[in-house]
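Working notes for the structure below.
The values are calculated or read from the model by the stated rules, or taken from the named source; none is laboratory data. Being a predicted model, the structure only gives us computed values, none of them experimental. Counting neighbours? That spans all protein chains shown, and the Cβs are built from the backbone with ideal geometry, glycine included. Note: areas computed on protein heavy atoms with side chains; ligands, DNA, RNA excluded. Shrake-Rupley method; radii C 1.70, N 1.55, O 1.52, S 1.80 Å.
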Amino acid sequence: MADRHVEVLLAGGGLAAANCARWLREEGAEGSILLVGREPHPPYNRPPCSKGYLQGKESLQDTLFRPDEWWEEQSIELQTRTSVLKLDLEDRVAVLSTQEEVSFDQALVATGSNVRLLRVEGVGLEGIHYLRALGNADTIRADTKGRERVVVVGGSYIGTEVAASLTLLGRRVTILMQEDVTHERSFGAQAGRYFQSVLEEHDIEVVGGDGLARFEGDGERVTKVVTERGRELPAGAVVIGAGAVPDTMLAKQAGLALGERGGVLCDSRLQTSCEGVYAAGDICEYESKMHGGPIRVEHWDVAFNHGKTAALNLLGRDVPHEEVPYFFSDLADWCSFEYVGPALEWEEEVVRGSLEEGEFSLWYLGGGRVKAALSVGRSDDLEHARRLIAAGTDVKARTGVLADPQSDLSDL
Ligand SMILES: Cc1cc2nc3c(=O)[nH]c(=O)nc-3n(C[C@H](O)[C@H](O)[C@H](O)COP(=O)(O)OP(=O)(O)OC[C@H]3O[C@@H](n4cnc5c(N)ncnc54)[C@H](O)[C@@H]3O)c2cc1C
């Protein structure tokens with residue numbers, strides 16, 4: 001016998017679960033909702049951890065999904081500092097780290113991601129940090145203060161955002177990465193060269209095309225990063241931004257089917273292999289008609305929108321998730337970019353505008369169709385990109401229109 005019963009259990013205290021709770025109430029759910037999250041804080045937005053919050057410009061309150069009193073006003077029970085240890089999907093009972101057993105009618109699994117840990121010599125030395133949560137940002141800000149130089153391992157968006165934020169705080173930063181230019185894996189070399197030039201203009205040293213071999217220290221604390229090519233980079237502190245891995249521990253324990261992209265396999269309505277149990281956010285690998293198969297995307301906007309789709313389906317509305325994924329990133333206040341589409345593979349890039357002047361959109365094409373687009377200072381172009389991606393419009397013979405910044409994209 002369970003200790004108590006709730007109608008909807010939301011496992012995971014991040015954005016996906018929080019927005020699901022919100023939409024359940026907004027769409028008329030009257031039953032009991034319990035949101036269980038293992039972090040000490042109520043659900044908050046993670047992007048500021050590498051931006052405004054790390055820079056000390058945003059407070060904890062600024063990052064919160066909703067102010068503290070909102071949860072009570074909405075009659076949503078919020079249980080922080082608590083993990084869901086076990087989900088018995090046959091009897092529909094969850095075991096919490098408080099030892100409480102809670103039975104439920106329906107559930108959402110939204111356990112997010114964890115940082116990818118690097119297993120290299122010296123990684124246990126003091127002064128080496130990862131970044132996922134607000135507490136990590138606090139530690140990084142405090143521990144890098146007064147250090148001669150900080151080495152950031154990783155040249156993707158977290159690494160570059162951290163490098164920019166720390167530079168804004170007056171730290172001198174070196175980025176070490178395997179790619180030749182920053183952001184190359186996600187957005188290609190053209191965009192990468194542009195972003196790298198912005199970082200270098202602000203005195204960030206970028207060491208590309210080289211890997212991390214080991215950390216060296218004085219016995220306690222890191223003092224040096226040694227690269228695979230034998231370069232020695234002085235390091236008073238290190239921040240590792242080597243990607244994230246979906247946290248499927250609970251889903252595996254519960255016996256939910258996993259997909260090839262490492263996430264929890266869902267249909268287009270975000271329902272998992274178990275009826276009445278949904279997944280959302282970073283862990284959700286969902287069937288997308290638009291992309292012709294399952295996709296998994298680790299973006300703030302996707303987690304947000306998944307929360308809504310899951311809520312609607314928990315209420316029996318039978319709606320597929322059809323949003324084109326959207327992503328944004330800021331390099332301090334020097335440069336912002338936005339991106340639509342999950343494409344990680346493309347055949348051709350078309351530039352609209354000027355990379356030199358820092359105002360452009362970059363169109364990623366595959367099979368004659370728009371797969372994704374990135375914008376620096378041309379947000380309006382992304383509205384057209386969304387439309388073209390969703391419709392699968394053949395633009396093969398019209399790339400000249402895409403490339404001409406004066407042309408009207410509505411014509412496509
Ligand atoms: C530093 C940083 C900066 C980012 N910046 C951007 C950005 O600029 N743009 C962008 O689009 N995206 C950005 N992202 C990505 C974005 O924040 C994530 O995609 C989004 O937070 C995913 O939300 P989620 O709810 O799926 O997972 P999460 O935010 O990971 O939340 C999951 C929560 O569930 C908890 N949990 C896990 N297991 C259990 C369990 N068994 N029981 C209870 N609780 C559990 C976790 O502790 C966590 O609190 C950033 C991410 C990071 C880390």
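Only residues in segment 351-373 that are over 15 Å from Arg387 (Cα atoms) count as the first member; pair them with residues that are aromatic (Phe, Trp, Tyr) and part of a loop (DSSP other than H, G, I, E, B), Cβ under 9 angstrom, at least 6 apart or cross-chain, and list the lot.
Gly366/Trp346
Considering only residues that are open to solvent by 50 Å² or more (accessible area, probe 1.4 Å) and out of contact with any Asp or Glu (no Cβ under 9 Å at 6 or more places or on another chain), look in segment 76-85 and name the one that is farthest from the ligand (Cβ to nearest atom). Explain how you work it out, then say what you get.
Filtering segment 76-85 down to residues open to solvent by 50 Å² or more (accessible area, probe 1.4 Å) leaves 77-78, 81, 85.
Add one more test, that the residue is out of contact with any Asp or Glu (no Cβ under 9 Å at 6 or more places or on another chain), and what stays is 77, 85.
Numbers: Glu77: 14, Leu85: 7 Å.
Among them, the one singled out is Glu77.
Looking at segment 232-251, which of its residues are more than 16 Å from the ligand (Cβ to nearest atom), closer than 17 Å to Gly155 by Cα and not in a strand (DSSP E or B)?
Matches in segment 232-251: Ala235 only.
Across segment 89-147, what is the number of residues that are more than 11 Å from the ligand (Cβ to nearest atom), surrounded by fewer than 21 Cβ atoms within 10 Å (Cβ to Cβ) and among the hydroxyl-bearing types (Ser, Thr, Tyr)?
Result for segment 89-147: 3.
Give just the number: which of (1) touching a Lys or Arg at 6+ places or on another chain (Cβ under 8 Å); (2) open to solvent by 10 Å² or more (accessible area, probe 1.4 Å); (3) not polar (S, T, N, Q) does Gly377 not satisfy?
The one condition Gly377 does not meet is (1).
Of the numbered conditions (1) surrounded by 15 or more Cβ atoms within 10 Å (Cβ to Cβ); (2) within 30 Å of Lys396 (Cα to Cα); (3) more than 15 Å from the ligand (Cβ to nearest atom); (4) under 19 Å from the mean Cα position of the chain (by Cα), Val351 satisfies every one except a single condition; which is it?
In the conditions (1) surrounded by 15 or more Cβ atoms within 10 Å (Cβ to Cβ); (2) within 30 Å of Lys396 (Cα to Cα); (3) more than 15 Å from the ligand (Cβ to nearest atom); (4) under 19 Å from the mean Cα position of the chain (by Cα), Val351 misses (4) alone.
Would you tally the residues in segment 313-336 being in contact with a strand residue (DSSP E or B) (Cβ under 9 Å, 6 or more places away or on another chain) and more than 10 Å from the ligand (Cβ to nearest atom)?
Start the filter on segment 313-336 by keeping residues that are in contact with a strand residue (DSSP E or B) (Cβ under 9 Å, 6 or more places away or on another chain), which leaves 313-314, 320-322, 324-331, 335-336.
Now drop any that are not more than 10 Å from the ligand (Cβ to nearest atom), which leaves 313-314, 320-322, 324, 331, 335.
Number satisfying all stated conditions: 8.
Spot the failing condition for Ser361; the list is (1) open to solvent by 40 Å² or more (accessible area, probe 1.4 Å); (2) in contact with a Lys or Arg (Cβ under 7 Å, 6 or more places away or on another chain); (3) part of a strand (DSSP E or B); (4) of a type outside the set (D, E, K, R), and only one is missed.
(1)
Among the residues of segment 5-49, what is the count of those that are surrounded by fewer than 18 Cβ atoms within 10 Å (Cβ to Cβ), touching a strand residue (DSSP E or B) at 6+ places or on another chain (Cβ under 7 Å) and closer than 21 Å to Val302 by Cβ?
Residues in segment 5-49 being surrounded by fewer than 18 Cβ atoms within 10 Å (Cβ to Cβ), touching a strand residue (DSSP E or B) at 6+ places or on another chain (Cβ under 7 Å) and closer than 21 Å to Val302 by Cβ: 0 in total.
Taking the stated definitions as given, is Glu58 free of Cβ contacts under 8 Å to residues at least 12 places away in the same chain and over 30 Å from Val225 (Cβ atoms)? I'd like the intermediate steps shown before the answer.
Working: free of Cβ contacts under 8 Å to residues at least 12 places away in the same chain: yes; over 30 Å from Val225 (Cβ atoms): no.
It is false that Glu58 is free of Cβ contacts under 8 Å to residues at least 12 places away in the same chain and over 30 Å from Val225 (Cβ atoms).
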